[in-house]
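*Asks:* I'd like to ask you about the structure that follows.
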Amino acid sequence: MRAFLLVCLLAVPAVVLADKVSEDPMERRMLDIARDLRCAVCQNQPVSESNAPLAQDMRAIIRDQLKTGKSPDEIKRYFVDRYGDYVLMKPATRGFGAIVWIGPVLLFVIIGIGGLVFLRRRLRTSLPAPVALSAEDRKRIDRARREDGGA
């Protein structure tokens, strides 16, 4: 118990005297841009989270371009010109990128229409009328029920 109290007493000054963590605004801007770019080596991982050498190089390029005063859109355009629309985490809604956005909705509509057509055809076909039991079959059923206890 004394050891616990001693640890607590020693931890309090460390917390009180600790410096505030400061963040470099240039690093924050770089990470914001890198979050919107896909690592060309990794599968569906943003440049901001990837540890691949290419992602590290891409972050360095972003830093350099930010230092030269380029806007985030200009930096993203630089990478799109170099790697194509694939490098964007959110593809453009024009050209080939429109297929990515419209495709799933279109596929869902086509499947829904196909399902409705299938169900309508299925409901239209009627089942054949049941065949009437013969007198002999009716007697066998009655006999089986009596032997079963009238259930």
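We did not get these values from a lab; they are worked out from the coordinates using the rules stated. Computed from a predicted model, the values in this text were never measured in an experiment. Cβ coordinates were reconstructed from backbone atoms using ideal geometry, including for glycine residues, and neighbour counts include every protein chain displayed.
*Asks:* Charges on Cβ only, +1 for Lys and Arg, -1 for Asp and Glu, centred on the Cα centroid of region 31-151; of TYR86, LEU116, SER134, which one is farthest towards the dipole's positive end?
*Replies:* SER134
*Asks:* Next question. So for each of 24-35, 47-58, 117-128 I average, over its residues, the number of other beta carbons within 10 Å; can you give me the resulting order with the highest mean first?
*Replies:* Result, highest mean first: 47-58, 24-35, 117-128.
*Asks:* Taking amide hydrogens as modeled 1.01 Å from N in the peptide plane, which residues meet the under 5 Å criterion relative to SER48, leaving out close sequence neighbours?
*Replies:* Long-range HN contacts for SER48: ARG35, LEU37.
*Asks:* Between ILE141 and LYS67, what is the spin-label point distance in nm, taking each point 7 Å from the Cα along the Cα→C-beta axis?
*Replies:* Result: 9.2 nm between the two label points.
*Asks:* How much length is gained if the chain between GLU27 and TYR86 is pulled fully straight, taking 0.36 nm per residue apart and subtracting their Cα-Cα distance, in nm to one decimal?
*Replies:* 18.8 nm
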